[in-house]
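The values are calculated or read from the model by the stated rules, or taken from the named source; none is laboratory data. This structure is a prediction, so every number in the text was calculated from the model and none was measured. Here the Cβ positions follow ideal geometry from the backbone for every residue, glycine too, while neighbour counts run over all protein chains shown. The area values use the complete protein model at the heavy-atom level, side chains included, leaving out ligands, DNA and RNA. Shrake-Rupley method; radii C 1.70, N 1.55, O 1.52, S 1.80 Å.
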Amino acid sequence: MSTATEHQNLDARVPDGPIDQKWTRCKNEMKLVSPNNKRKYDIIVVGTGLAGASAAASLGELGYNVKAFCYQDSPRRAHSIAAQGGINAAKNYPNDGDSVWRLFYDTVKGGDFRARESNVYRLAEVSGNIIDQCVAQGVPFAREYGGTLANRTFGGAQVSRTFYCRGQTGQQLLLGAYSALMRQVAAGKVELFPRREMLDLVVVEGNARGIVCRNMVTGEIETHAAHAVLLCTGGYGNAYYLSTNAKGCNVTAAWRCHKRGAYFANPCYTQIHPTCIPVKGAYQSKLTLMSESLRNDGRVWVPKDVNDSRPPSEIPEEDRDYYLERRYPAFGNMVPRDVASRAAKERCDAGFGVGETGLAVYLDFKLAIAEQGRDAIEAKYGNLFHMYKKITDEDPYQVPMRIYPAVHYAMGGLWVDYHLESTVPGLFVLGEANFSDHGANRLGASALMQGLADGYFVAPYTVGHHLASRSLSSVTTAHPKFKEIAVEARNRIERLLSVNGNRTTDDIHRQLGQIMWDNCGMARNAQGLAAAIEQIRNLRDEFWQNVKILGTGEELNQSLEHAGRLADFLEFGELLAQDALHREESCGGHFREEHQTEDNEARRDDEHFCYAAAWEFQGDDTDEKLHKEPLRFNEVELTTRSYK
Amino acid sequence: MTNPAKKRLSLHLRIWRQSRTDEAGEFRDYQLQDISPDMSFLEMLDILNQQLIEQGEAPVAFDHDCREGICGTCGMMINGQAHGPDHETTTCQLHMRHFNDGDTIIIEPWRARAFPVLRDLIVNRSAFDRIIQAGGYVSIKTGQAPEGNANLIPQQHQEGSLDAAACIGCGACVAACKNASAMLFTAAKVSHFVQLPQGAPERTKRVLAMINQHDEEGFGACTNTSECEAACPAAVSVSHIARLNREYLKAMLTATD
């Protein structure tokens, strides 16, 4: 695919002024909706993870009429719930030198200088409020004996700023946001629509004015109108089939919005998390993360001798290669995720990998258990060790864990400006679904922070400004546009059901995943990416000619749900590969083999690629158009990222 | 080291099939061969479903999402036990190494009046959301929060609270209970808040409203048989029900409205 590249300035609406005044200034200048008028506005929130639940609850509290949609049977099940390790905030409780500026700096550097400075600063600025809010909701964060909040360290930082609830922080934060949401449901300010799949966005007179969704129990195609649509639908990791995402996570809502005019930014920035339980067999349906927090106490190693086949307990210290401590003495086992993942791949590719497949490294707690005692380790990571044992049938208190990198998080997402508004006015994108804060690599414990920052402290202001500053005509679902798009959605379902071929959705999805993992994984090159684009196109044709879906559209039909999502992954995957192909540099999670230093570190090209790549949909089977948002670093000097 | 002694399994499955809520269901029998003991239970069902689709029979519908034991979406009765034979385990974290070659496995949905079957093994658990809506929250708006360390919370209270808040809302407690009571679920939320200062202002109102909603949903009463605790994948203890009972009694005596 040859890409038409055009320089067009996307207006990110970043306020002028010093970076620590921008958000204050933005809030001061935004228009307000008066309390009595809020009830005249309807807002749709799609997705009920940290971003969606917090936004829906906060907007309901303000007095708007909110409709909240999720594909799960309850909003409490969104995949934010699976986040383990913690949430960052610049509270500086440990008195170890943290500050808003330092959290901002670490996040910009951790993202390999590919995020928008102003957004990241705001994120750091509101991080403390998030902790206060969650504590007030009754989130039982870990405490010191004196009753104050406890912290631990996460990758890419030299301070302890991570707040946590054992290894289930995401669960507790989501239940906090969910409880706030349930309170608004009880108050009549939020109406819940569980088991709904968003199938399309309705744009009227240039503004996002509603959605088309499918009731996953009855199969009914429903239309909903509103004055603003908030997309909080998470990431696209399941394009790789095997990932740490929940099985239902998908790109459909974001992709459908993309096809209605929302630019998709930096889709090639995919995070491969270094510490996951390795793949075991061809039947594998998903991968399970072992929290990054484990690297606080676990040491990563492989044998020094390629041919060492002894069990780990029999390999003495002098024969072990603690390769992260060796290569990165300053950060050791706490290097950022992209660095740790590539280092594991490098050792395994060189033949030092362990386990049956040779695609694993050890994560060893022997020293930590000897020094701190088993009880202390159990208190910090008990549920993670429990989970590891359930899956592998091995006891990590006795033998080292075996881990390998796996697809985990999408830094890329729909392009948004400083208001979190996409290129479709009235369509806001929050949390993992947007591209804004993590650049080319996300630091651990920052996803929860971003989801809640967007939902609690950014969108409630900026959505109000949209409502107050634009004249929106009266639109209901009786508008012909709703009917037109609902018919399109129905036809698409009919088309899927009418293929009646020979291959299951699972089978085709696995094949897509293999293409993505082999060519768009931890290391990429031009040849592989070009081949991937070709293979994805062929597989897309194969899908539309040979997929087999039983049943009808008018019933609970999980194969049909999967097929709809897969159809969109088969389009999206090509854009991901295209973006990776065009970005002729290595940065963060995007590692191009052609662009590396002599000691295999990523080589960035700031002269040519210091921009966010925002792709505009031009029509099916037509090249997407590239728009560039230049990234300007006024506060943080562009340097080569080093953790040595 | 993954139990090499165990060979691959042949299984006889008896699975509840029901096409919709208002239609009668029935058990149907299926055979599966060559199942790896390292597979998860849901991966075993994935394989069955691939076979069924290839044969032109509708795949078995079952709820699942995170497949790592935390979202609470999955859940089925396996040989009469909620989430199957392994202790403190969701169905997605149950592995086939807990079964033997030649076993018959009977798989049913959660059975409770308050959890109507939607299809096959999928039930509607919205009643749980409504119990939370009745009072499972602290009434605080975004932006109203005091400084996080303004309230000191003794570590044992925080830990005790988290033990209760660990509930994943899967419904196994209801399915395991002969009365189909959701008392463990309700108690977990009451106990979560009652051990924290944040929960204090609404403690009376909360427990009364949540119990009232619990009963309205059609869940049964608790008769202290503790089957719920035995089935709970998140290790939520029945001691939280005892705490709920104390709270409820206190509330009945002191409620002013």
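May I ask you to list the residues of the range A:129-158 whose amide nitrogen lies under 18 Å from a point 7 Å from Cα along the Cα→beta-carbon direction of residue A:105?
Only A:154-158 pass the distance filter.
Can you work out the accessible area per residue across the range B:9-108, with the rest of the protein chains kept in place, probe 1.4 Å, in square angstrom?
35
Could you give me the ³J(HN,Hα) list for the range A:420-425, computed from phi with Karplus coefficients 6.51, -1.76, 1.60 and θ = phi - 60°, whole Hz, x at Gly and Pro?
My calculation for the range A:420-425 gives 6, 9, 7, 6, 9, x Hz in order.
Lys and Arg at +1, Asp and Glu at -1: add these up for the other residues within a Cβ distance under 11 Å of residue A:182 and post the number.
Neighbourhood net charge equals +3.
Between their Cα atoms, which of A:189/B:178; A:380/B:189; B:141/B:205; A:189/B:189; A:27/A:259 are more than 26 Å away from each other? If you can, show how the numbers build up before the last one.
Details: A:189/B:178 37 Å; A:380/B:189 23 Å; B:141/B:205 18 Å; A:189/B:189 23 Å; A:27/A:259 31 Å.
Exceeds cut-off: A:189/B:178; A:27/A:259.
Does the range A:273-408 come out rounded, prolate or oblate by the C-alpha gyration tensor, with a ≥ b ≥ c the root eigenvalues, rounded set by a/c under 1.5 and, if not, prolate when a/b is larger than b/c and oblate if not? Walk me through the numbers on the way to the answer.
On the way: a/c = 1.24, a/b = 1.05, b/c = 1.18.
In terms of gyration-tensor shape, rounded.
Just to be sure I understand the model, the point goes 7 Å from the Cα along the line to the Cβ. What's the resulting residue B:106 to residue B:150 distance in nm?
5.6
Going 7 Å from the Cα of residue A:623 in the Cα-to-Cβ direction, what parts of the range A:513-534 have a backbone nitrogen less than 18 Å from that spot?
Flagged as within label range: A:526-527, A:529-534.
May I ask you to derive the FRET efficiency for residue A:357 and residue A:144 from their Cβ-Cβ distance with R0 = 45 Å, giving the value to the nearest 0.05? Walk me through the intermediate numbers first.
Details: r = 42 Å, r/R0 = 0.94.
It comes out at approximately 0.60.
Only counting protein heavy atoms at a 1.4 Å probe, give the residues of the range A:122-143, ordered by number, whose accessible area falls by 20 Å² or more when the other protein chains are present relative to the chain alone.
In the range A:122-143, residues shielded by partner chains: A:132, A:133, A:135, A:136, A:137, A:138, A:140, A:143.
Could you work out [θ]222 nm for chain B from helices alone, using -39500 (n - 2.57) per DSSP H run of at least four and dividing by all its residues? Round to the nearest 500 deg cm²/dmol. Kindly include the intermediate steps, with their values, before the conclusion.
Details: 8 runs with 86 residues, N = 257.
So the helix-based figure for chain B works out to -10000 deg cm²/dmol.
For the range A:480-604, what does the alpha-carbon gyration tensor say about shape, rounded, prolate or oblate, given a ≥ b ≥ c as the root eigenvalues, a/c under 1.5 as rounded, and a/b over b/c as prolate? Don't skip to the end; give the middle numbers.
Numbers: a/c = 3.23, a/b = 2.25, b/c = 1.43.
Prolate.
How large is the accessible surface per residue of the range A:275-330, computed with a 1.4 Å probe and reported in Å² as a whole number? Don't skip to the answer; put the middle values down first.
Values: 2210 Å² over 56 residues.
Here the per-residue accessible area is 40 Å².
Which residues, if any, in the range A:371-391 lose at least 10 square angstrom of accessible heavy-atom surface (probe 1.4 Å) when the other protein chains sit next to their chain rather than the chain being alone?
A:386, A:387, A:390, A:391
Nearest 5 percent is fine: what portion of the DSSP beta bridges confined to chain A is antiparallel? Spell out each step's value before the answer.
On the way: 45 of 65 bridges.
Taking every DSSP beta bridge within chain A, about 70 percent pair in antiparallel fashion.
Want the number for residue A:537 to residue A:518: 0.36 nm per residue separation, take away the alpha-carbon distance, what's left? Walk me through the numbers before you get to the answer.
On the way: separation 19, 0.36 × 19 = 6.84 nm, distance 1.59 nm.
Separation in residues times 0.36 nm, less the Cα-Cα distance, equals 5.3 nm.
B plus A alone minus the pair: what accessible area, both sides summed, probe 1.4 Å, in Å² to 100? Please list the in-between numbers first.
Details: alone 13440 and 24150 Å², together 30990 Å².
Summing both chains' loss of accessible area gives about 6600 Å².
For the pair residue B:87/residue A:389, report the inter-label distance in nm, with labels modelled 7 Å from Cα in the Cβ direction.
0.9
Return one number: the angle in degrees, 0 to 90 and rounded to the nearest 10, between the long axis of the Cα atoms of helix A:459-469 and the longest principal axis of the Cα atoms of chain A.
Taking Cα atoms only, the helix is inclined about 30 degrees.
Once both labels are modelled 7 Å past Cα along the beta-carbon direction, what's the residue B:26-residue A:478 spacing in nm?
4.8
Suppose R0 equals 25 Å; then what is the FRET efficiency for residue A:24 and residue B:139 from their Cβ-Cβ distance, rounded to the nearest 0.05? Walk me through the numbers before you get to the answer.
Details: r = 29 Å, r/R0 = 1.14.
Plugging the Cβ-Cβ distance into 1/(1 + (r/R0)^6) gives 0.30.
Could you name the lysines whose alpha carbon sits less than 20 Å from that of residue A:345, not counting residues in the same chain fewer than 8 places away?
By straight Cα distance, residue A:345 reaches A:280, A:286, A:304, A:644.
To the nearest 0.05, how large is the calculated FRET efficiency for residue A:490 and residue A:346 if R₀ is 45 Å and r is the Cβ-Cβ distance?
Step by step, r from the Cβ atoms, then E = 0.35.
Considering only protein heavy atoms and a 1.4 Å probe, what is the carbon-and-sulfur percentage of the accessible area of the range A:347-461?
Details: 1510 of 2990 Å².
Carbon plus sulfur share of accessible area: 50 percent.
Quantify, in whole percent, the carbon and sulfur part of the accessible surface of the range A:480-604 (1.4 Å probe; protein heavy atoms only).
On the way: 2100 of 4850 Å².
It is 43 percent, rounded to a whole number.
Just to confirm my numbers, what's the Cα centroid distance between the range A:555-588 and the range B:43-117 in Å?
29
Work out which residues of the range B:22-65 lose at minimum 50 square angstrom of accessible surface when the other protein chains are put back, relative to the chain isolated, with a 1.4 angstrom probe, and list them by number.
Residues losing area: B:43, B:50, B:53, B:65.
For the range A:1-158, which whole-number percentage of the solvent-accessible area (1.4 Å probe, protein heavy atoms only) is attributable to carbon and sulfur atoms?
The C+S portion of the solvent-accessible surface of the range A:1-158 is 45 percent.
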